[in-house]
Amino acid sequence: MSNQQKNAQEPDLNQLRKVRREKLAELQANGKDPYQVMRYDVTCHTSDIKDHYEEMEGKHVTVAGRVMQKRVMGKASFCNVLDQSGNIQCYVARDGIGEEEYKDFKKLDIGDIVGVEGEVFKTKTGEISIHASAVKLLSKSLQILPEKFHGLTNTDMRYRQRYVDLIMNPEVRDTFIKRSHIISSIRRYLDGQGFLEVETPMLVSNAGGAAARPFETHFNALGEDFKLRISLELYLKRLIVGGLERVYEIGRVFRNEGLDTRHNPEFTLMELYQAYTDYNGMMDLTENLYRHVAQEVLGTTKIVYNGVEMDLGKPFERITMVDAVKKYAGVDWNEVETTEDAKKLADEHHVEYEAHHKKGDILSLFFEEFAEEHLIQPTFVTDHPIEISPLTKKKPENPEYVERFEFFMNGWEMANAYSELNDPIDQKERFKAQEELLAMGDEEANTTDEDFLNALEIGMPPTGGIGFGIDRMCMLLTDSAAIRDVLLFPTMKSIGGAEGKKTDKKEESEPAVKIDLSKVKVEPLFEDAVDFDTFSKSDFRVVKVEACEAVPKSKKLLKFTLNDGTDRKRTILSGIHEYYEPEELVGKTCIAIVNLPPRKMMGIDSEGMLISAVHEYDGQEALNLLMVDDQIPAGAKLY
């Protein structure tokens, strides 16, 4: 869209907003201020009327909601009213509501919130409707809703303005209603199993229980630094020590990490702990819980995610991590004796590892590289190496491994469970090992929690514990592509945030720093000519970034899901993570070559190449992904 077209549209929107404010002022001057309405008695929702029409026909009802459509036809009109449960058509006639009230009705705008009173009936075309006897304006909408046929489709705007997203996109509203039902169903199941729901601190002096970097804050009243919790584990175990035998908590935890389609820095975690059981008891509970929730919320134990059916009704597969690596990587870890042997195997199989990694760490890396993506149906992966499990009981028959499982579906980790470590001496040694990793630069390592050790010394019974990612569970059960689609208000980078403010201050105090061109070096131009026919075969297209995430186990690669103007999504990998965080690029419009043959990168087919501008500045490489005007449609060809 040209700048002239944009500029032509802006005054129109401003004029529409001005007209709405003038209408409000007129209402207020006439003593009809909608903001003075304190309440409105609603007798039913629109879905009640539609689902039970035989009982509702001819009955007098009152509904309330937002005007989404309005068709004025002389002395009689129709409007469509949307409430939480759906929408319903209302027939509004001058003779039915009164001449003065009908004039007011005709001045209503799309987006206004109204109460409608009348009788339930069917139109000649068979549409269930309300024959209005009264229409009352309850709140005036001063903004303009997105155009009704295209709705709100910009992904970034949908997440930032979720309130508009819920109005315009019924499938989004349905997702969040289901999310609420999923959490209610979990609570009902656990309450029925004798569990107590509890609440533990979010502000903690020691953020333990998981391998993650915490957010830090300062508590002014105490003059102390605190952290936001990364897990619920250590406090819930204290309650087991205190004699509460079955406890659970559903709450937010906070991890200072990147954003992608499966990660948000604040997310909902459920952890539960049960005395006198082990990780086998947690497997049984997980299987029964997932089955119960799917049946209660969806009415079936068969779910479909991204076109793939997963059956929660069948017994879940159980496989050890060693057997999974043997099955999918062809490597028998029982034959690996030392860390040196493990690193040699990693080199042979192109598995990246770090210098401090030990034999068990590398087994975990093999599992992530070769096995995870195959675990589509519900699967428990059991018996993890001790190096990656600092809070778990060793297997008595083989102390290199622990009684731990991770639950997988769709190739994702959905839950993590242990036979909980209750030996305070062993636990202290595990904390010590974590402290050593922290000293070596591992920012996700745990620190020693002395009070937790004291609790273990008081005595904790044999206990099974598990943590469930509620957001991923909701993604699977609602067929949602990204975690942001199941978070009402996902974390977003501020528009004109900290960086913008810094820039503004800098501009006020001193002129902008210009690039010193003497420090810029570019790659020499090609001297060999490329014939025109060869060049013209490269298909340069405009693509829209619908999703972007870091590729696991790669420090450089970002994985893009792109709309290239066709019916299918295109995947392209690009080694630009050093220059961009994934969340910065979602919603952007870029240029890509789309007719290159697929190329394997970290086991993923990359279907083309995104175009970037690369130069060297002061001896360092600089890169800028080529981004263009968002008004250019996906699939537009470049010449």
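The values are calculated or read from the model by the stated rules, or taken from the named source; none is laboratory data. From a predicted model like this one, the values you see are computed outputs, not experimental measurements. When we count neighbours, we look across all protein chains shown, and the Cβ atoms used for this are built from the backbone with ideal geometry, even at glycine. The accessibility values were calculated without ligands, DNA or RNA, using every heavy atom of the protein model including side chains. Shrake-Rupley method; radii C 1.70, N 1.55, O 1.52, S 1.80 Å.
Here region 255-277 is the region considered, the condition is being more than 24 Å from the chain's Cα centre (by Cα), of a type outside the set (S, T, N, Q) and open to solvent by less than 50 Å² (accessible area, probe 1.4 Å), and the residue that is nearest to PHE215 (Cα to Cα) is TYR273. When you look at LYS555, is it out of contact with any His (no Cβ under 6 Å at 6 or more places or on another chain), open to solvent by 40 Å² or more (accessible area, probe 1.4 Å), closer than 30 Å to ALA329 by Cβ and in a strand (DSSP E or B), yes or no? So LYS555 fails the test.
The test for being of a type in the set (D, E, K, R), over 30 Å from GLU546 (Cβ atoms) and outside any helix (DSSP H, G or I) does not hold for GLU352.
In the set GLY58, GLY126, only one residue is surrounded by fewer than 18 Cβ atoms within 10 Å (Cβ to Cβ), part of a loop (DSSP other than H, G, I, E, B), over 38 Å from the mean Cα position of the chain (by Cα) and in contact (Cβ under 8 Å) with a residue 60 or more places away in the chain; that residue is GLY58.
Criterion first (open to solvent by less than 70 Å² (accessible area, probe 1.4 Å), part of a loop (DSSP other than H, G, I, E, B) and of a type outside the set (Asp, Glu)) does ASN422 satisfy it?
On the way: open to solvent by less than 70 Å² (accessible area, probe 1.4 Å): yes; part of a loop (DSSP other than H, G, I, E, B): yes; of a type outside the set (Asp, Glu): yes.
Yes.
All conditions but one from (1) more than 38 Å from the chain's Cα centre (by Cα); (2) surrounded by fewer than 17 Cβ atoms within 10 Å (Cβ to Cβ); (3) part of a strand (DSSP E or B) apply to GLN69; the one that does not is (1).
At least 1 residues that are closer than 30 Å to GLU245 by Cβ and at pLDDT 95 or above in each: list the helices (runs of 4 or more DSSP H) lying fully within region 154-226 that qualify. Talk me through it step by step, then tell me what you get.
Working: elements: 155-160, 162-168, 170-192.
Passing ranges, in order: 170-192.
Pick out the one residue from ARG541, ARG568 that is modelled with pLDDT of 80 or more and open to solvent by less than 100 Å² (accessible area, probe 1.4 Å). Please lay out each step first, then the result.
Working: ARG568 fails: open to solvent by less than 100 Å² (accessible area, probe 1.4 Å).
Selected residue: ARG541, the only one of ARG541, ARG568 that is modelled with pLDDT of 80 or more and open to solvent by less than 100 Å² (accessible area, probe 1.4 Å).
Within region 286-305, track down each residue that is more than 17 Å from ARG318 (Cα to Cα) and aromatic (Phe, Trp, Tyr).
Filtering region 286-305 down to residues more than 17 Å from ARG318 (Cα to Cα) leaves 292-305.
Matches in region 286-305: TYR305 only.
In the set (1) at pLDDT 75 or above; (2) open to solvent by 70 Å² or more (accessible area, probe 1.4 Å); (3) among the charged types (D, E, K, R); (4) under 31 Å from the mean Cα position of the chain (by Cα), GLU436 fails one condition alone, (4). Here MET440, MET409, MET414 are screened, and the one residue that is farther than 26 Å from VAL241 by Cβ and touching a His at 6+ places or on another chain (Cβ under 7 Å) is MET440.
Here's the yes/no breakdown for (1) touching a residue at least 60 places away in the same chain (Cβ under 8 Å); (2) open to solvent by less than 20 Å² (accessible area, probe 1.4 Å); (3) in a loop (DSSP other than H, G, I, E, B); (4) not polar (S, T, N, Q):
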| position | (1), (2), (3), (4) |
| --- | --- |
| ALA445 | yes, yes, yes, yes |
| GLY464 | yes, yes, no, yes |
| ASP471 | yes, yes, no, yes |
| LEU488 | yes, no, yes, yes |
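Return the residues of region 585-604 that are hydrophobic (A, V, I, L, M, F, W, C), in a loop (DSSP other than H, G, I, E, B) and at pLDDT 90 or above; say none if nothing qualifies.
First, pick out the residues of region 585-604 that are hydrophobic (A, V, I, L, M, F, W, C): 585-586, 590-594, 596, 601-602, 604.
Next, only the ones that are in a loop (DSSP other than H, G, I, E, B) stay: 586, 594, 596, 602.
Correct list: VAL594, LEU596.
Across region 178-201, the number of residues qualifying as open to solvent by less than 70 Å² (accessible area, probe 1.4 Å) and either of a type in the set (S, T, N, Q) or in contact (Cβ under 8 Å) with a residue 60 or more places away in the chain (or both) comes to 12. Filtering LEU137, LEU108 for residues that are part of a loop (DSSP other than H, G, I, E, B), open to solvent by less than 40 Å² (accessible area, probe 1.4 Å) and farther than 30 Å from LYS493 by Cα leaves a single hit, LEU108. The single condition from (1) in contact (Cβ under 8 Å) with a residue 60 or more places away in the chain; (2) assigned to a loop (DSSP other than H, G, I, E, B); (3) buried (at least 19 other Cβ atoms within 10 Å of the Cβ) that LEU82 fails is (2). Of the residues making up region 396-419, those that are surrounded by fewer than 17 Cβ atoms within 10 Å (Cβ to Cβ) and under 17 Å from THR277 (Cβ atoms) number 1.
Kindly evaluate ALA324 against the criterion of being small (Gly, Ala, Ser) and either open to solvent by less than 40 Å² (accessible area, probe 1.4 Å) or touching a residue at least 24 places away in the same chain (Cβ under 8 Å) (or both). Spelling it out, ALA324 is indeed small (Gly, Ala, Ser) and either open to solvent by less than 40 Å² (accessible area, probe 1.4 Å) or touching a residue at least 24 places away in the same chain (Cβ under 8 Å) (or both). Can you work out which of the residues in region 605-634 that are in a loop (DSSP other than H, G, I, E, B) and within 14 Å of PHE540 (Cβ to Cβ) is most open to solvent (accessible area, probe 1.4 Å)? Within region 605-634, the match that is most open to solvent (accessible area, probe 1.4 Å) is LEU626.
Only residues that are of a type in the set (Val, Ile, Thr), open to solvent by less than 10 Å² (accessible area, probe 1.4 Å) and under 19 Å from LEU437 (Cβ atoms) were counted across region 378-395, and they come to 1.
Note on region 111-123: among residues that are outside any loop (DSSP other than H, G, I, E, B) and among the β-branched types (Val, Ile, Thr), the one that is most open to solvent (accessible area, probe 1.4 Å) is ILE113.
Could you list, in sequence order, all residues of region 551-565 that are charged (D, E, K, R) and modelled with pLDDT of 90 or more?
Once the filter is applied, which keeps residues that are charged (D, E, K, R) and modelled with pLDDT of 90 or more, region 551-565 yields LYS559, ASP564.
If you go through region 593-604 and keep only what is open to solvent by less than 40 Å² (accessible area, probe 1.4 Å) and of a type in the set (Val, Ile, Thr), you end up with ILE593, VAL594. One residue stands out in region 520-538 among those that are touching a strand residue (DSSP E or B) at 6+ places or on another chain (Cβ under 9 Å) and open to solvent by 100 Å² or more (accessible area, probe 1.4 Å): the one that is farthest from SER612 (Cα to Cα), namely LYS521. Among the residues in region 296-315, are any over 15 Å from PHE407 (Cα atoms), part of a helix (DSSP H, G or I) and either among the polar types (S, T, N, Q) or open to solvent by less than 70 Å² (accessible area, probe 1.4 Å) (or both)? Yes; the residues of region 296-315 include at least one that is over 15 Å from PHE407 (Cα atoms), part of a helix (DSSP H, G or I) and either among the polar types (S, T, N, Q) or open to solvent by less than 70 Å² (accessible area, probe 1.4 Å) (or both). Scanning region 340-352 for residues that are farther than 16 Å from HIS384 by Cα and either surrounded by 17 or more Cβ atoms within 10 Å (Cβ to Cβ) or out of contact with any Leu (no Cβ under 8 Å at 6 or more places or on another chain) (or both) yields GLU340, ASP341, LYS343, LYS344, LEU345, ALA346, ASP347, GLU348, HIS349, HIS350, VAL351.
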